[in-house]
Amino acid sequence: MTDPLTRRARNRALLARQLLLARAPMTALAAIEHLVGMQAQAPHPPYTGLWSRLRDFDFAELSTLMLERRVVRIALMRSTIHLVTAEDCGPLRAALQPAMERAFRSGSGKAFAGVDQDEIVAAGVELLADEPVTFAELGRALAPRWPDIPPDRLSALVRTRIPLVQTPPRGVWGRAGQARHVTAAAWLGADDRPPLPLQDLVRRYLAAFGPATVADAQTWSGCTGLREVFDRLAPELRVFRDEDGRDLYDLPAAPRPDPDTPAPVRLVAGFDNLILSHADRAHVIPEQHRLTVIMGTGNGIVRPTVLVDGVVAAMWEFERARKAAAVVVSPFGKLTARVRGEIEAEARLLLAVTDPTAAHEVRFA
């Protein structure tokens, strides 16, 4: 027999696991591990993402972790760049490798018909051995040997087949840098550990994003065929039924707060996995707003959002001018004076960290 689970109850469970019901007293390293990495298409969103989740988080803490090679930026879930612990990097990437290669074949396989891909990859690894390079530089260096293949496809093949990490200063707060890459083996040392078992991948997903459907886990990871994995795990999982009759799977001891638990206003970073990691995201972002936040911006941009009562109710962005910094909030509907005050208070706390010497302003568009 399956127990019913309302959308609001599922929302509170997700927020608790995402450390968004209350800021958690844990280190940045522990939070990144718990979250199974943080999507990091742009360099700075993980800083805001951790600030919104952790008590007493210092931006310098994350920069230090990057410089000390304890966290890295690498293509993982959905073949997108994630910030992940060095400990997770090898096993997690190995577990996702088949999915990444399948996605690459689907999108670019025809460009390599009749070509020895292993030869291209070997040449790419040789080029990466000298110094960190951008993908554009890598593609241009490979192009003379394979002139019939677009340079960006050549570098994408190497990126897909070989784990490549982005090197600092990319991603270090207060410093600028192009996305330059080296092999994970060169940056972190050789890693001969086996892939993370898919059962463990699902367990970790549920710990950070559950309760969830099989389709949710596949959307988050980019993997297919996870139904068999859930079936093997079934004896150790709890099963709920959502309001649309779908089965939601969960770890028995994972937090499922009372659905009436208050959810504070939170500024969610751009590209945050909170709103990207489910096939059905209605429990955290209303469908009528999803296309505006996720798909309506072009170029794969996912805008920063504002949670009100646990649900996306607005977008926000930084605006910076000389000696001034603002957070501009664009609500999707009318906000009460109380909620506007809570958003402004949260935004001013963030500005005090990101732009401590500037004049601060919070505007509602």
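Of note:
- Long-range neighbours under 6 Å by Cβ, at least six apart or interchain, first residue more than 10 Å from Ile120 (Cα to Cα) within segment 137-161, second hydroxyl-bearing (Ser, Thr, Tyr): Leu138/Ser155; Gly139/Ser155; Arg153/Ser108
- Among the candidates Asp250, Asp280, residue that is in contact with a strand residue (DSSP E or B) (Cβ under 7 Å, 6 or more places away or on another chain), outside the structural domain of Ile32 (by TED's automatic domain parsing) and either at pLDDT below 95 or within 30 Å of Asp200 (Cα to Cα) (or both): Asp250
- Selected residue (criterion: farthest from Val306 (Cα to Cα)) from residues of segment 29-46 that are surrounded by 24 or more Cβ atoms within 10 Å (Cβ to Cβ) and either in contact with a Phe, Trp or Tyr (Cβ under 8 Å, 6 or more places away or on another chain) or among the aromatic types (Phe, Trp, Tyr) (or both): Val36
- Elements of type strands (runs of 3 or more DSSP E) contained in segment 256-326, each with 1 or more residues being of a type in the set (Asp, Glu) and either touching an Asp or Glu at 6+ places or on another chain (Cβ under 8 Å) or farther than 24 Å from Ala9 by Cβ (or both): 311-321
- Restricting attention to segment 192-205 and to residues that are surrounded by 15 or more Cβ atoms within 10 Å (Cβ to Cβ) and touching a helix residue (DSSP H, G or I) at 6+ places or on another chain (Cβ under 8 Å), the residue that is farthest from Leu274 (Cα to Cα) turns out to be Pro195.
- The residue that is farthest from Thr292 (Cα to Cα), among those in segment 319-359 that are more than 24 Å from the chain's Cα centre (by Cα) and among the β-branched types (Val, Ile, Thr), is Thr357.
- Count - residues of segment 12-67 that are aliphatic (A, V, I, L, M) and assigned to a strand (DSSP E or B): 3
- Any hit, segment 2-22, residues being of a type in the set (Val, Ile, Thr), surrounded by fewer than 24 Cβ atoms within 10 Å (Cβ to Cβ), touching a Phe, Trp or Tyr at 6+ places or on another chain (Cβ under 7 Å) and in contact (Cβ under 8 Å) with a residue 60 or more places away in the chain: yes
The values are calculated or read from the model by the stated rules, or taken from the named source; none is laboratory data. It should be emphasised that the depicted structure is a prediction, and the values quoted were computed from it without experimental measurement. Using ideal geometry, Cβ is built from the backbone for each residue, glycine included, and neighbour counts are taken over all protein chains shown.
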